[in-house]
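This report refers to the structure that appears directly beneath it.
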Amino acid sequence: MRHFCFRIPTTTIHLLRLLADTKSLFQKPTDDLLDMATTGPSNLNAKLVLLGDMGAGKSSLVLRFVKGQFLEFQESTIGAAFFSQTLAVNDATVKFEIWDTAGQERYHSLAPMYYRGAAAAIIVYDITNMDSFTRAKKWVQELQKQGNPNMVTALAGNKADLEEKRNVTTEEARVYAEENSLFFMETSAKAATNVNDIFHEIAKRLPRGQQPTQNPSGMVLVDRPTQGPRASATCCS
Amino acid sequence: MVSSTTPIINQSSIGPLIMYPFQRKTDLPFEIQPDFTFLRQSIHARRANIVVNFQDLYGFMVQGNVDDVNVLNEVREKVREQGRVWWGMEANRGANWYLRTYASSGDLKSSLRFSVLVNGMTLKKLIRKGIPPSLRPKVWFSLSGAAKKKSTVPDSYYDDLTAAVSDKITPATKQIDHDLPRTFPGHPWLDTPEGHAAVRRVLVGYSFRDSDVGYCQGLNYVAAMLLLVMKTEEEAFWMLAVLLENVLVNDCYTDNLSGCHVEQRVFKDLLTKKCPRLSAHLETLGFDVSLVATEWFLCLFSKSLPSETTMRVWDVLFYEGAKVLFNVALAIFKMKEEELLMTLYVGDVIKIIQDTTHNIFDPDDLLTVALDTISFMTTNLSKQRKKQETVVMEELDQRLRRLNTRKLSVKS
């Protein structure tokens, strides 16, 4: 009963979920982390938002992280796109609810809706484009002012595979990140460099054991048994 | 059409439907699928539920199951039937009979003539049932007001405009160039050098016509669909112009998208009125309807609904106005109200909504709910808009001020 293709009425799925409270069966930890996911007392739901200039590679990072794929030309995101992915970290699983936002400047006015109540943010720039780094700094300032004060914020210098076109030095970004207590990585969605690592690092840094925030769309701690992911992962293709 | 090595599991007898078994996900253009775990199928489920790729009426590759293919074939048949009805009307009432209606004549005296009123009512009903794709360019162009708009300027306006701006580089043109390969990637015409060049000329031309709009992401999808329907760049350009300048609410795509913010709030209030239980439930989940509806209103559903369904919405949009966007958005929630009431997480809500919109292959499923079940007064809509406009402007202003004071404090 655990293999649901998307044609089975979602109602059935929800009924089953309500009856059996087997939410964890529907979550798939990434394969390499499977062993760590089978034990542990709690699941953590964390809202994560990606911010950054148009074409910096926000959607590509998410696609790489969630599906392990890369598309040379990724459809431009309008408004925002939603994804979820579960990671196992130490004794808990973290289910990321990811908001991938539109990059064009005029969409800035929509951003608060997405970062409000977020537990984590990845601010993405393109290492070949200095303007995108400037834009990233603006996002950092805005989150410092308006975001959740406990937010885990990462700075991602994407397109690290394009070394020959680099315009933002690693050193410059590292210094900036240190000054602003961000954690920093250069990533490549295309070459799959540091993509899982950045999400994994965020998962590790999320504050544990705290009460759910007032905002329901923010971080919510849910106690649920986590037996089952192994079984559900092996019988699916 | 299909390579001989590819096994064909079902070749439809009507229409050039290309189908091949679903093999690798990586081959497909990326679609937003929020929780991929649900899509993992057991062998058993897969056999019962073969996933196929097929090309729809406007050349888009769609993923669905065998039922969806059958639905699409029925839709093709319905479209042909509609075509016969429309051609019959032309034969009976004369070519361009639809131009002699209340909505387009403007002249009060002639609009009260009985035949004109009858034409108007017939036309509205007929349009709600769908304009046949072959007549769409002609009917849209005249009924939307695009033809009238074009007639107020010299014939060479579009050619002169595109020639004058073809070498210019502005922030808008840079963004347009960046988005060209990202506009429906994989489409057999749009994603070719000619397709890119045509979309570019329309968007760049418009960015110079209205510098307040310039280029807004989302318009790339709208312009691309208009090109697919209208066939000629010039007519697509005028459709875009009439859409932004007359059909939609002001400032949807300008600077801070204030018009779009207004529409979102109006929509939220409408949902509260029409589906109070659902609205309350979504509120408790922390789900704001604009999380999904922003894309709907900015891309006019072109990124969410199958192409013919989108076009059917646009048929009504160009004749009855922007109100239909609310009807359709409400209908999507209404259609899945019971399922949505059982959701526990924001992610589940989005999953249901996206699965629903991506799979409405029969436009009538959506439009029957949107136009027959849901009704509200247009006058209320404009009243609501006016009310929300003040609120939105104030909020955007406040936000801008907060961000600016921060800049000052950083400097000092």
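The values are calculated or read from the model by the stated rules, or taken from the named source; none is laboratory data. Note that the structure is predicted; figures quoted are calculated from it, not measured. Quick reminder, even Gly has a Cβ in these numbers, built from the backbone with ideal geometry, and neighbours come from all protein chains shown. The protein model used for the area step is the full one, side chains on, heavy atoms only, and it has no ligands, DNA or RNA in it. Shrake-Rupley method; radii C 1.70, N 1.55, O 1.52, S 1.80 Å.
Just for helices (runs of 4 or more DSSP H) wholly inside the stretch A:85-184: which have at least 1 residues that are more than 30 Å from A:LEU44 (Cβ to Cβ)?
Numbers: elements: A:111-115, A:130-146, A:170-179.
In the stretch A:85-184, A:130-146, A:170-179 are the helices (runs of 4 or more DSSP H) which contain 1 or more residues that are more than 30 Å from A:LEU44 (Cβ to Cβ).
When each of B:THR272, B:THR294 is tested for being on the phi < 0 side of the Ramachandran plot, of a type in the set (Ser, Thr, Tyr), assigned by TED's automatic domain parsing to the domain that holds B:ASN327 and open to solvent by less than 10 Å² (accessible area, probe 1.4 Å), the lone residue that passes is B:THR294.
For every residue, the table says whether it meets (1) at the interface with chain A (Cβ under 10 Å from one of its Cβ atoms); (2) among the β-branched types (Val, Ile, Thr); (3) surrounded by fewer than 16 Cβ atoms within 10 Å (Cβ to Cβ).
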position	(1), (2), (3)
B:THR343	yes, yes, no
B:LYS351	yes, no, no
B:GLN354	yes, no, no
B:HIS358	yes, no, no
B:LEU367	no, no, no
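Does A:ALA56 meet the test of being of a type in the set (A, V, I, L, M, F, W, C), open to solvent by 10 Å² or more (accessible area, probe 1.4 Å), within 12 Å of another protein chain (Cβ to nearest Cβ) and touching a strand residue (DSSP E or B) at 6+ places or on another chain (Cβ under 7 Å)? For A:ALA56, the condition - of a type in the set (A, V, I, L, M, F, W, C), open to solvent by 10 Å² or more (accessible area, probe 1.4 Å), within 12 Å of another protein chain (Cβ to nearest Cβ) and touching a strand residue (DSSP E or B) at 6+ places or on another chain (Cβ under 7 Å) - is not met. Restricting attention to the stretch A:70-98 and to residues that are hydrophobic (A, V, I, L, M, F, W, C), at the interface with another protein chain (Cβ under 8 Å from one of its Cβ atoms) and open to solvent by 10 Å² or more (accessible area, probe 1.4 Å), the residue that is farthest from A:ASP131 (Cα to Cα) turns out to be A:LEU71. Of all residues in the stretch B:275-291, those that are free of Cβ contacts under 8 Å to residues at least 12 places away in the same chain and crowded, with 20+ Cβ neighbours inside 10 Å total 0.
Within the stretch B:292-302, the set of residues being more than 7 Å from every other protein chain (Cβ to nearest Cβ) and either of a type outside the set (Val, Ile, Thr) or without any contact (Cβ under 8 Å) to a residue 12 or more places away in the chain (or both) comprises B:ALA293, B:TRP296, B:PHE297, B:LEU300, B:PHE301, B:SER302.
Sort out which residues of the stretch B:168-194 are more than 10 Å from every other protein chain (Cβ to nearest Cβ) and in contact (Cβ under 8 Å) with a residue 24 or more places away in the chain, and write them in order of number. Within the stretch B:168-194, B:LYS168, B:THR170, B:ALA172, B:THR173, B:ILE176, B:HIS187, B:PRO188, B:TRP189, B:LEU190 meet the criteria.
Check whether at least one residue in the stretch A:188-200 is within 17 Å of A:ALA118 (Cβ to Cβ) and either at pLDDT below 95 or not in a loop (DSSP other than H, G, I, E, B) (or both), and report yes or no. Break it down into steps so the answer makes sense when it comes.
Going through the stretch A:188-200, the residues within 17 Å of A:ALA118 (Cβ to Cβ) turn out to be A:198-199.
From what is left, the residues that are either at pLDDT below 95 or not in a loop (DSSP other than H, G, I, E, B) (or both) are A:198-199.
Yes, the stretch A:188-200 has at least one match.
Might you check whether a residue that is small (Gly, Ala, Ser), within 11 Å of another protein chain (Cβ to nearest Cβ) and open to solvent by 60 Å² or more (accessible area, probe 1.4 Å) occurs anywhere in the stretch B:375-394? Looking for residues that are small (Gly, Ala, Ser), within 11 Å of another protein chain (Cβ to nearest Cβ) and open to solvent by 60 Å² or more (accessible area, probe 1.4 Å), one finds none in the stretch B:375-394, hence no.
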